[in-house]
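Take a look at the structure below.
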Amino acid sequence: MSIQKDIDKIIRLYFNKHFQPKRKELFSRWFRSTEFSKEKETSIKKVWSEIPLLSASEDTLKEWEILKQQINRSNQKSEVKAVVTLFRPLFRYASLLLIAILTSILIYQKFSQEEPVLELAKVFTKYGENEYITLPDGSGVWLDSGSLLIYPKDFKYQKDRSVYLVGEANFCVHKDESKPFKVKAGNMVVEALGTQFTVQSYQNSTTISVLLEEGSVAVAMNDLGIVKTLKPNEQIVYNSEERSYDINLVDVFLYKSKREGYQIYENIGFKELMFSLERKYNVSIHYINSKYEREKYTVKFTPEEGIEDVLEILHHLIGINYKIDKTAIYIN
């Protein structure tokens, strides 16, 4: 098998989520190295071109056409390589779709002579931590643990205020009718002028959700070609596997409590609950999913309760047995 085919296989395995955490770390180090950089770039373009979702976005197609034209122009290899170097560190955290969008923006700005170079800021919150960020327009963002937010350092030269999210964040948007505020998460785009809402789009989850606290937002689901407008206290939950969505009435107060340290889960699957606890307490949880996958759970934890308290509560509520080994937890 050729080197190119080997690299294709490695990159496909990574983005199909077949790597364990330790292997992801090794992949990250290998991908950031300069060895076989041309072959790695070729593999990424192949995977990108095969994603059905991208073909559903007219804007993305235009960006990809611009990218192909610029790459095919003579002797621009050094500039393309410089751009690839800029986004290489994001591969450990961002989804492939996010990288594809970000890549097209960076390369377009690199070659365009009419627009200023777009400078991007990126904030990643580690497991067990969260962070409050003030965006250039004055909008506030509460970023949950294990989340990545990418945004322009200046919205001045942009037609809108677009930010890119992998994870969970609450947005309190500064009103500016001339420049709509957009959150791009997976294959969903949330647009608002001035409002407060929460978007959840973790890489290891099959659902993306938007919860509106104040104001109004329009939620576009690209692959379905549907746009829904939410009212306060409404939450839309999109399932990427089933390509379906539900709109639910929720108690916004419960979600506001989360920013004060409370953990509140309503009608949640065991897998999603475990992912959330891993992010909150920076631990790894091992269990047999088939034993719990059919049930839904509603539970609340206070800011003072640590991981042992949480596990003990779940032991009494749903009958789990557990063993803690440093930062690893085993449930049976």
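The values are calculated or read from the model by the stated rules, or taken from the named source; none is laboratory data. A quick note: this is a predicted structure, and the numbers were derived from the prediction, not measured. No Cβ is skipped: glycine too gets one built from the backbone with ideal geometry, and neighbour counts run over all protein chains shown. Ligands, DNA and RNA are excluded from the accessible area calculation, which covers all protein heavy atoms including side chains. Shrake-Rupley method; radii C 1.70, N 1.55, O 1.52, S 1.80 Å.
Key figures for this structure:
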quantity: Matching residues, the stretch 178-194, being at pLDDT 90 or above and open to solvent by 10 Å² or more (accessible area, probe 1.4 Å); calculated: Lys179, Pro180, Lys182, Lys184, Val189, Glu191
quantity: Any hit, the stretch 130-140, residues being outside any loop (DSSP other than H, G, I, E, B), in contact with a Gly (Cβ under 7 Å, 6 or more places away or on another chain) and of a type in the set (Val, Ile, Thr); calculated: yes
quantity: Any chance Gln235 is modelled with pLDDT of 90 or more, touching a strand residue (DSSP E or B) at 6+ places or on another chain (Cβ under 8 Å) and not aliphatic (A, V, I, L, M); calculated: yes
quantity: Any hit, the stretch 174-186, residues being in a strand (DSSP E or B), in contact with a helix residue (DSSP H, G or I) (Cβ under 9 Å, 6 or more places away or on another chain) and over 21 Å from Ile268 (Cα atoms); calculated: yes
quantity: Test result for Ile288, open to solvent by 60 Å² or more (accessible area, probe 1.4 Å), aliphatic (A, V, I, L, M), closer than 18 Å to Asn204 by Cβ and over 25 Å from the mean Cα position of the chain (by Cα); calculated: yes
quantity: Count of residues meeting criterion [without any contact (Cβ under 8 Å) to a residue 24 or more places away in the chain, small (Gly, Ala, Ser) and touching a strand residue (DSSP E or B) at 6+ places or on another chain (Cβ under 7 Å)] in the stretch 163-189; calculated: 1
quantity: Subset of the stretch 227-242 [surrounded by 11 or more Cβ atoms within 10 Å (Cβ to Cβ) and within 13 Å of Ile208 (Cβ to Cβ)]; calculated: Lys228, Gln235, Ile236, Val237, Tyr238, Asn239, Ser240
quantity: Of all residues making up the stretch 190-218, the number that are touching a Lys or Arg at 6+ places or on another chain (Cβ under 6 Å) and more than 19 Å from Lys256 (Cα to Cα); calculated: 2
quantity: Count of the stretch 291-332 residues which are assigned to a strand (DSSP E or B), among the β-branched types (Val, Ile, Thr) and open to solvent by 60 Å² or more (accessible area, probe 1.4 Å); calculated: 2
